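S.K.: Here it is, the structure, as structure tokens.
The values are calculated or read from the model by the stated rules, or taken from the named source; none is laboratory data. Just so we're clear, the structure is a prediction, and the values are computed from it rather than from any experiment. A quick note on method: Cβ atoms are made from the backbone with ideal geometry, for glycine too, and the neighbour counts reach across all protein chains shown.
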Amino acid sequence: MKLVTYRHDAHGPDWRAGVLQGDRILDAARLLSRSATISVLEIISGSGQSLPDLSSAATTFANENASSVFVPRETAVPAWEASLRCPLPDPP
């Protein structure tokens, strides 16, 4: 699983954590059923279950959308349309 920090108009103006999956980026907060944005640092330093939960949710999303060309835009956006930053813009 590749974590990224990205911004895309479809997901709002804030930088957020995502999962790079092929040619698309999945919104980590959406995969974890969180209402607010989440950072990569919050994922890796948060509760011990965040990373495994995110990995499981990303795999489930990939399996459910494997044969679909169109994926839910509220969860996934094309990677080539997103702006990327380093995964940990403000490391501790």
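S.K.: Quick one: how many residues across the stretch 40-85 are touching a residue at least 40 places away in the same chain (Cβ under 8 Å) and either assigned to a loop (DSSP other than H, G, I, E, B) or basic (Lys, Arg) (or both)?
M.R.: Of the residues in that region, 6 qualify.
S.K.: Please work out which one of (1) surrounded by fewer than 18 Cβ atoms within 10 Å (Cβ to Cβ); (2) in contact (Cβ under 8 Å) with a residue 24 or more places away in the chain is the condition Ser33 fails and give its number.
M.R.: (2)
S.K.: Next question, about the same structure. Specify which of the listed residues (Ala36, Ala58, Ala66) is touching a strand residue (DSSP E or B) at 6+ places or on another chain (Cβ under 7 Å) and not acidic (Asp, Glu). Talk me through it step by step, then tell me what you get.
M.R.: Numbers: Ala36 fails: touching a strand residue (DSSP E or B) at 6+ places or on another chain (Cβ under 7 Å); Ala66 fails: touching a strand residue (DSSP E or B) at 6+ places or on another chain (Cβ under 7 Å).
Residue meeting the stated conditions: Ala58.
S.K.: Being within 13 Å of the chain's Cα centre (by Cα) and modelled with pLDDT under 90 is the requirement here; does Arg73 meet it?
M.R.: On the way: within 13 Å of the chain's Cα centre (by Cα): yes; modelled with pLDDT under 90: yes.
Judged against the criteria, Arg73 is a match.
S.K.: On to the next question. Only one residue in Gly46, Gly12, Gly22, Gly18 is surrounded by 11 or more Cβ atoms within 10 Å (Cβ to Cβ), out of contact with any Lys or Arg (no Cβ under 8 Å at 6 or more places or on another chain) and at positive phi. Which one?
M.R.: Numbers: Gly46 fails: at positive phi; Gly22 fails: surrounded by 11 or more Cβ atoms within 10 Å (Cβ to Cβ); Gly18 fails: at positive phi.
After applying the criteria, what remains is Gly12.
S.K.: How many residues are within 14 Å of Leu84 (Cβ to Cβ) and part of a helix (DSSP H, G or I) if we restrict to the stretch 4-27?
M.R.: So the answer is 1.
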